[in-house]
1. Over all directions, the average projected area of the alpha-carbon convex hull for segment B:78-125 comes to how many nm²?
2. Provide a whole-number value for the mean count of partner chain Cβ atoms within 10 Å of the Cβ atoms in peptide A:62-74.
3. Two decimals, Cα atoms only, Kirkwood Rh: what is Rg/Rh over segment A:2-83?
4. Might you work out the accessible area of B:PHE27 for me, using a 1.4 Å probe with all protein chains in place, and round it to the nearest 10 Å²?
5. Dipole of segment B:94-154, Cα-centred, from +1 at each Lys and Arg C-beta and -1 at each Asp and Glu C-beta, to the nearest 20 debye?
6. Using 1/(1 + (r/R0)^6) with R0 = 35 angstrom and r between the beta carbons of B:GLU149 and B:ARG59, what's the FRET efficiency to the nearest 0.05?
7. With every protein chain in place, what's the accessible area of B:VAL138 (1.4 Å probe, Å², nearest 10)?
8. Need the full-extension length gain, A:MET62 to A:MET9, defined as separation in residues times 0.36 nm minus the C-alpha distance. One decimal, nm.
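The values are calculated or read from the model by the stated rules, or taken from the named source; none is laboratory data. Note that the structure is predicted; figures quoted are calculated from it, not measured. Glycine gets a Cβ as well: all are built from the backbone with ideal geometry, and neighbour counts include every protein chain shown. Remember, those area values only see protein heavy atoms, side chains included, never the ligands or the DNA or RNA. Shrake-Rupley method; radii C 1.70, N 1.55, O 1.52, S 1.80 Å.
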Amino acid sequence: MKMLMNVLMNFTLGLVMCFFVFVFSLWALIKSYQPDTLTAVAFFICAACGAFATVATFLVGMFGTAGGAVFVVAKVAEQNMIQNGGNGDNMRRGEQRRHLHYQ
Amino acid sequence: MQNGRQVARLPDTTTAINLVVNSTAKFAKNHKIISGSYLLGILVLLFGSGAQLTYDQQRTYENIIRTIDTDIEFEASSRYGNAYNAYYGSKGWFSCDSLCTRMKKKADEAKRELDGIRAEGFSRMSDAKASAGIFSEVGVNEARDSFWEYFNKGKKVSLGPAMEGVEGVCASSSTLTKTTFQFAKRQSMWDALFVGMRSMGRNESTGEYMVSEKDEHHACEALPITFVLLTRFARRR
């Protein structure tokens, strides 16, 4: 779980950073085409929005998959716990008794 | 309630999906600029392929591109490399004698020549691009390639003159000081490398940790991961 969180955080940081670096480098790319200001601004907005949409979709997909997987695992664990009923408690009590006996 | 204890129940799948959908809708309503930008971005991704070049535009673009002499730039770059190596070999740690000074002058001269040739190349490339236009397929593809370059190559981050994606002379430019690192992958690799080590006791050395019986299972988990990651890392290098 900790490892999963680490990977998610690393990818989030990496993608957000790559988005910002792309946006900063975009202006130089646009300038090399020598467009007028209005066209340049329009292209900048479109390209930045496109990049944002890609990064956001990737991140939402990644977090959604991870969250979904954790939810399913938790659900299965919960089902098992309900099916086993009080077995777990009985086992724990038995162990405690054994332990007390040896003391 | 279960055996006298309060048990927190997870919501069922339908309720969870509804919760996610409702939260998303609420977020979209409350943050109109973010959701609007996202929708615009999706539309741009779906339909923004760039205007196709006309025959005249294509011909002008190619004619200008053809005037860029990459051989001259390559020769100037080699000359600068040789001159810089000669200067670097002749200089001391904190001193520069007469031979070194001469070599430095030659290296500086070669650098100026190279910069001039590159500036000329950039200028011609810029003219060629201007003839195509930023919203043409050339401009859109270049921006797209630039983005995917950052995105795919392990979240590559380039600092310095941002002239990425410029073909020809610009691509071979060695002066573009790039500080690249594969952030997410590398960071995750180091995390995976040290995840086993974190369970090591405070007063334990690495050797003790590796052979100690109580932590045998940790070492058994950590070692194969460490070995695999180190092998992979070495192979990449």
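1. Details: hull surface 13.8 nm².
The directionally averaged projection comes out at 3.5 nm².
2. Values: counts 0, 0, 1, 0, 0, 2, 4, 0, 0, 4, 1, 0, 1.
Shielding by partners across A:62-74 averages 1.
3. Details: Rg = 19.9 Å, Rh = 15.5 Å.
The Rg/Rh ratio comes out at 1.28.
4. Its heavy atoms expose roughly 110 Å² to the probe.
5. On the way: 11 positive and 11 negative charges, 62 e Å.
The calculated dipole for segment B:94-154 is roughly 300 debye.
6. Values: r = 29 Å, r/R0 = 0.82.
The pair B:GLU149/B:ARG59 has a calculated efficiency of 0.75.
7. B:VAL138 exposes around 30 Å² with every protein chain in place.
8. Details: separation 53, 0.36 × 53 = 19.08 nm, distance 1.08 nm.
Working it through step by step, the gained length comes to 18.0 nm.
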